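Below you'll find the structure, written out as structure tokens, and then a few comments.
The values are calculated or read from the model by the stated rules, or taken from the named source; none is laboratory data. Predicted model, so just to flag it, every value in this text is computed and none were measured. Here the Cβ positions follow ideal geometry from the backbone for every residue, glycine too, while neighbour counts run over all protein chains shown. Side chains are part of the model used for accessible areas, which takes the heavy atoms of the whole protein and leaves out ligands, DNA and RNA. Shrake-Rupley method; radii C 1.70, N 1.55, O 1.52, S 1.80 Å.
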2 protein chains.
Amino acid sequence: MNLYALSCLRVKEQNLQMCADSMYFDLFTLQGWVRSVRSQKKNVFLHVNDGSSLQSLQIVGFFPSLNLRLLTFGSAVEVTGVLKKSPHPKQPVELEAEQIHVVGKCNPVDFPFKIKERHSLEYIRQFPHLRCRTNVFSSLLRVRSQATTAIHSYFKDNGFVQIHTPVITSNDCEGAGELFRVEPSGPAFVDDTNFFSVPAFLTVSGQLHLEVMSGSFSRVYTFGPTFRAENSQTRRHLAEFFMVEAEISFTQSLEDLTKVMEDMFRSATEHVLAHCAEDVDLFHKRVTPGHRMFKVLNVKLLSLRVTYSEAIDILNRSSENFWGCDLMTEHEKYVVKHCGNLPVFVTEYPYDLKPFYARDNQDHPKHTVAAVDLLVPGVGELCGGSLREERLDLLQDRLQDAGLADTYSWYLDLRRFGSVPHGGFGLGFERYLQCILGVDNIKDVIPFPRFSHSCLL
Amino acid sequence: MNLYALSCLRVKEQNLQMCADSMYFDLFTLQGWVRSVRSQKKNVFLHVNDGSSLQSLQIVGFFPSLNLRLLTFGSAVEVTGVLKKSPHPKQPVELEAEQIHVVGKCNPVDFPFKIKERHSLEYIRQFPHLRCRTNVFSSLLRVRSQATTAIHSYFKDNGFVQIHTPVITSNDCEGAGELFRVEPSGPAFVDDTNFFSVPAFLTVSGQLHLEVMSGSFSRVYTFGPTFRAENSQTRRHLAEFFMVEAEISFTQSLEDLTKVMEDMFRSATEHVLAHCAEDVDLFHKRVTPGHRMFKVLNVKLLSLRVTYSEAIDILNRSSENFWGCDLMTEHEKYVVKHCGNLPVFVTEYPYDLKPFYARDNQDHPKHTVAAVDLLVPGVGELCGGSLREERLDLLQDRLQDAGLADTYSWYLDLRRFGSVPHGGFGLGFERYLQCILGVDNIKDVIPFPRFSHSCLL
């Protein structure tokens, strides 16, 4: 039994008031890592954690001959004993050890994390191969795992088919992103620079591949890594990050998209809170006190909605005329703040600001497209989506004007054969985690961050 | 309501014998793509599919004024009408249409798939942007999606934490694989060849990153794309393919690993059969008749188990002495055939054949490591795993002999601080799909295959 199962059992017992002493008298073996050590006369008190939950189990043992020097913070142990009611209210049970075996030693001088010290996220980030051994980063990884599960469940429960969109691609979806190029590294290819016969890149978005699938499925999604070769070292950007992208066929309204975004956000966040309450708590109480996630979760996201033009009106009150300009981070922040520091959907962006696939609203002279971004406090743009231009003639004209009609002839084919009105969006998964946990730096919500001048391990 | 929901409803009704006519008289709107068209006097019969299941819904309508030329195979339609009991036993309900609207036309002359023709997998592979519109490939994508769900569920139900291991890495896990190199493609980097300050590659395995996590979690897994720059165009290899990898702490026996491999295989396959029976059937009956998956599924995988030495004995009967040689595809086939054409675990490989991380059995003079491969009929190696060398001194010696001690000093750290006996394995997801569906060419079980001289879309 692991500690998570044990803590579930405890909760169940407390609820059912069935805390029969007898059931604790089976021998129980716990394998895990020492989180704290205390010795009192000849008794030893340990806290041991196995990674299945934030809670450690208290071990009590009488070992006059035990070499306490080996029982250090971070060492791996196997403890066998009997589970007993604990005298302390905070830990319903403890393990009365009959045997403690040190499986793997941990020299406290060399180990970068020290017992009872609360290391900052910046400090532990220096040790990508060891930081999962801290409480805070193991909590993060459990939250990340549960949030992943929750997102898959949301889509599965709502009839979406999961598509593994490719990492290596000959497309450049956004048209403007900084791309990574892929080449074989072996000497066999010195004279053959094009392994794929065409230039190949790391994907910046699975959208166009999802749109392929929108010609056969009503609802599809993908959840995987995407890449930007941005030479920036901000707290907001990574070279490799995870995106959730969905595409919905037979939709003609941004409402359908914002509803899915909102439902997914709420469903995932509720799941995380239900399955990792302690882990989320750790962040809210210790790492990011004052974080307002609960308020965010409790409002009806969809109720806050402004058009791009309204957002510009908000900005114009404090500054020059912005219409036609892209919203920069500081503008997004201003709009969110103006809306009561709550998530807000901004819709109907200028035609010239969005890529070729965004659906033309044909609302001259303003000329906007049916695009929507979800802005959230602290993080900025969390989701971006649009209806896609499904009308062959309009799309053809736009691609021809951009000189891309040949490159995207396959994409035009999707509109030639059984085209349907459709739309979709992408959510930055790390930004979502930052949003619910209140973590300031994106490097602290991904197991192995990659950014310019850093690719450790 | 989509067609999958409708077909579930039908099954439920049949089971409950509650097929009340009245419930069919609500107006029902179906949006999807035309799979067949037949006109009879002034009646039109259509089959329309929305991708949620293999089953199409029969539409019957009386439309004397309808322009039948637009209702072509592949066109997108929206049909509103009343669901009625069908006179045909194979289709419990049909839709009596009141309105048919052609949403997206499909010119049958240009559309590469023809009505009533059964196109081969090779033929449809030429159209990566359209092949999902065939029955067979949409079935494949549904199976792939369900198999993905099933694998995540298996791990979740068994206490594994999901880790998103990175795609870009500075490691070369296998030490011998053909790697893809990653470089920014923009002009900004002409003078700065190392975006990451170190050479960076596409991952060949998430194992070492999972091992990092094995120092804090009892059970972890990853499921994502991996890469090999192999310049081969066989039916068995892709440049980008998906791997499921798991790592289990506190295990000292290959039995623990083979049990997880077997349980995962059975659990995933049972889930797929329960959720995509029609789709799997399509493959077994039409695409790969005679496929033996059901037999594979019904045997206890674990019962078949030979050591590498026993496998060599089997091979030696028909050929020269192989001991110490790697098993080639033809050898694997021979061993599987010898074992009754059933899946077989081969264990305890020679030390010199396996990478540095495999755990030394210290069984001189034979000298093997605790490694295991799962071989399956038709596909060959489906899984490969090993116990990992957790003993610092042995690992240090081996890395020093290979001149890798500096490169992997971080990996040695994992053994310096709270090291535990552990092991893990990887499963090739595409090979798994080939195995259960009996598909010969790996390019036919992935949405967008990447291989040498091909990176379409």
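For B:Asp373, the accessible area of its heavy atoms, probed at 1.4 Å with every protein chain present, is near 10 square angstrom. Solvent exposure of A:His101, expressed as accessible area, is near 100 Å², computed with a probe of 1.4 Å over the protein chains only.
How well do other chains shield peptide B:28-37, expressed as the mean number of their Cβ atoms within 10 Å of each residue Cβ?
Numbers: counts 0, 1, 1, 6, 7, 7, 1, 0, 0, 0.
What the average comes to for B:28-37 is 2.
Of the residues A:Met328, B:Met264, ranked by 1.4 Å probe accessible area with the largest first, the sequence reads A:Met328, B:Met264.
Counting only protein heavy atoms and a 1.4 Å probe, tell me what percentage of the protein assembly as shown's accessible area is made up of carbon and sulfur. Don't skip to the end; give the middle numbers.
Details: 18570 of 37070 Å².
Heavy-atom surface of the protein assembly as shown belonging to carbon and sulfur, 1.4 Å probe: 50 percent.
Here's the picture: charge each Lys and Arg Cβ at +1 and each Asp and Glu Cβ at -1 in chain A, and of A:Val167, A:Tyr154, A:Leu456 the one pushed furthest to the positive end of that dipole is A:Leu456.
Between identical copies, the spacing of A:Pro108 label points, each set 7 Å from Cα toward the C-beta atom, reads 8.2 nm from nearest to farthest.
Rounded to the nearest 0.05, what FRET efficiency do B:Asp401 and A:Asp406 give with R0 = 51 Å and r taken as the Cβ-Cβ distance? Could you check? Each step should come with its number before you reach the end.
Values: r = 55 Å, r/R0 = 1.08.
That pair, B:Asp401 with A:Asp406, gives E of 0.40.
Where does each of B:Lys443, A:Lys41, A:Lys337, A:Lys114 land when they are ordered by accessible area, with a 1.4 Å probe and the largest first? Working shown, then result.
On the way: B:Lys443 15, A:Lys41 205, A:Lys337 150, A:Lys114 70 Å².
Descending order: A:Lys41, A:Lys337, A:Lys114, B:Lys443.
Accessible-area rank, largest first, for B:His364, B:His284, A:His88: B:His364, A:His88, B:His284, with all protein chains present and a 1.4 angstrom probe. Placing a label point 7 Å from the Cα of A:Ser36 along the Cα-to-Cβ line, the residues of region A:105-145 whose backbone N sits under 14 Å from it are A:115-118, A:135.
Okay, which of region A:59-77 sit inside 12 Å, backbone N to the point 7 Å along the Cα-Cβ direction of A:Asn43? Residues A:59-63 qualify, since their backbone N sits under 12 Å from the label point.
What is the average number of partner chain Cβ atoms found within 10 Å of a Cβ in A:406-419? Walk me through the numbers before you get to the answer.
Numbers: counts 0, 0, 1, 1, 6, 2, 1, 6, 4, 2, 8, 18, 17, 6.
The shielding value for this peptide is 5.
Just going by the charge dipole of region A:131-444, with Lys and Arg at +1 and Asp and Glu at -1 on Cβ, which of A:Leu273, A:Phe223, A:Val376 is farthest out on the positive end? Going by the charge dipole, the pick is A:Leu273.
My understanding is that a pair violates if its Cα-Cα distance is over 18 Å; which of A:Lys156/B:Lys90; A:Lys156/B:Lys156; B:Lys354/B:Lys443 do that in this structure?
Checking Cα-Cα distances, A:Lys156/B:Lys90; B:Lys354/B:Lys443 exceed 18 Å.
What chain B shows is 41 Å² of accessible area per residue, with the surface traced by a 1.4 Å probe over protein heavy atoms.
Which FRET efficiency, nearest 0.05, do A:Ser253 and B:His88 yield, Cβ-Cβ r, R0 35 Å? That gives a FRET efficiency of 0.40. In this structure A:Thr307 has an accessible area near 40 Å², from a 1.4 Å probe over the protein heavy atoms.
Extending 7 Å from Cα along the Cβ direction at A:Thr307 and again at A:Val60 yields two label points whose distance is 7.0 nm. On the basis of the beta-carbon distance and an R0 of 30 Å, A:Asp26 and B:His367 show a calculated FRET efficiency of 0.15. The stretch between A:Trp323 and A:Asp157 holds 55.7 nm of extra length on full extension. This uses 0.36 nm per residue minus the Cα-Cα distance.
Entry note, chain A: relative contact order of 13 percent, from Cα contacts under 8 Å with a spacing of 6+ residues.
The ratio of the alpha-carbon radius of gyration of chain A to the globular-protein estimate 2.2 N^0.38 Å is 1.18.
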